[in-house]
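Student: My questions all concern the structure below.
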Amino acid sequence: MTPTVSPQQLVAAAQSARKQAHAPYSNYFVGAAVLTVDGEIIPGCNVENASYGGTICAERVALTAAIAQGKRDFSAIAVVTVDGGSPCGFCRQVMIELGAEMDVYISDEAGNFRSTTVRALLPDAFGG
Ligand code: THU
């Protein structure tokens, strides 16, 4: 049986991942957590660079780490910021590529979240 992970648990994992953020330039700390269909959670945080273009968002860190672990099927992603900010366009495109059927939980730092989907966040998406 597939282990059950609640949205609240996934948000909690993203809150925890947010503590690892390397964001000395923006001071905008972001945590993410991807849930595989098998119930595994892979965390990510934003990692900034003095050469600003080298920055990678928390969502893409989590998703690319999951891919590197051999995971391919994802059911949800949580993202946590101070103010419940919505994922950027670049991350939406990567989410469509790697987890088009994911639910997306967008949370503030206190754990207040709203639920949406990757398809709702990126309608009429470009696809290869
Ligand atoms: N950031 C994310 O981690 N995810 C997003 O969806 C939007 C932006 C990060 C990038 C940068 O480190 C900081 O937030 C400010 O843009």
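The values are calculated or read from the model by the stated rules, or taken from the named source; none is laboratory data. Just so it is clear, the model here is predicted, and its values are computed rather than measured. Every residue, glycine as well, gets a Cβ built from its backbone with ideal geometry; the counts of neighbours run over all protein chains shown. What goes into the accessible areas is simple: the full protein's heavy atoms, side chains included, and nothing from ligands, DNA or RNA. Shrake-Rupley method; radii C 1.70, N 1.55, O 1.52, S 1.80 Å.
Student: Only one of (1) away from the ligand (no atom under 11 Å from the Cβ); (2) over 17 Å from Gly99 (Cα atoms); (3) surrounded by 19 or more Cβ atoms within 10 Å (Cβ to Cβ) fails for Gln8. Which number is that?
Tutor: Looking at each condition in turn, Gln8 falls short on (3).
Student: Can you find, within the stretch 82-120, the residue that is surrounded by the fewest Cβ atoms within 10 Å (Cβ to Cβ) among those that are assigned to a helix (DSSP H, G or I) and aliphatic (A, V, I, L, M)?
Tutor: Ranking the qualifying residues of the stretch 82-120, first place goes to Ala120.
Student: Take the stretch 89-107 and flag every residue that is touching an Asp or Glu at 6+ places or on another chain (Cβ under 8 Å) and near the ligand (Cβ under 9 Å from one of its atoms).
Tutor: Passing the criteria: only Cys91.
Student: Scan (1) open to solvent by 70 Å² or more (accessible area, probe 1.4 Å); (2) part of a helix (DSSP H, G or I); (3) of a type outside the set (Phe, Trp, Tyr); (4) within 10 Å of the ligand (Cβ to nearest atom) for the single condition Glu59 breaks and write down its number.
Tutor: (1)
Student: Failed condition for Val30, given (1) more than 11 Å from the ligand (Cβ to nearest atom); (2) out of contact with any Phe, Trp or Tyr (no Cβ under 7 Å at 6 or more places or on another chain), with all others met?
Tutor: (1)
Student: Hey, Val79 hits all of (1) open to solvent by 30 Å² or more (accessible area, probe 1.4 Å); (2) assigned to a strand (DSSP E or B); (3) within 11 Å of the ligand (Cβ to nearest atom); (4) not basic (Lys, Arg) but one; which does it fall short on?
Tutor: (1)
Student: Residues that are among the hydrophobic types (A, V, I, L, M, F, W, C), within 23 Å of Gly128 (Cβ to Cβ) and modelled with pLDDT of 95 or more: does the stretch 7-30 have at least one?
Tutor: no
Student: Still on this structure, please answer the following. In the stretch 62-76, which residues are part of a helix (DSSP H, G or I), hydrophobic (A, V, I, L, M, F, W, C) and touching a helix residue (DSSP H, G or I) at 6+ places or on another chain (Cβ under 9 Å)? Spell out how you get there, then give the answer.
Tutor: Step one: of the stretch 62-76, the residues part of a helix (DSSP H, G or I) are 62-68.
When the remaining residues are screened for being hydrophobic (A, V, I, L, M, F, W, C), the result is 62-63, 65-68.
Residues satisfying the conditions are Ala62, Leu63, Ala66, Ile67.
Student: Tell me which residues, restricted to the stretch 33-56, are within 16 Å of the ligand (Cβ to nearest atom), surrounded by 13 or more Cβ atoms within 10 Å (Cβ to Cβ) and not in a strand (DSSP E or B). Break it down stepwise before answering.
Tutor: Narrowing the stretch 33-56 to residues within 16 Å of the ligand (Cβ to nearest atom): 33-34, 42-56.
Filter once more, so that each one left must be surrounded by 13 or more Cβ atoms within 10 Å (Cβ to Cβ): 33-34, 42-48, 55-56.
Within the stretch 33-56, Asn46, Glu48, Thr55 qualify.
Student: Let me ask something additional. Please verify whether Pro24 is open to solvent by 30 Å² or more (accessible area, probe 1.4 Å), touching a helix residue (DSSP H, G or I) at 6+ places or on another chain (Cβ under 7 Å) and within 15 Å of the ligand (Cβ to nearest atom), treating the condition exactly as stated.
Tutor: Taking the combined requirement at face value, the residue does not satisfy it.
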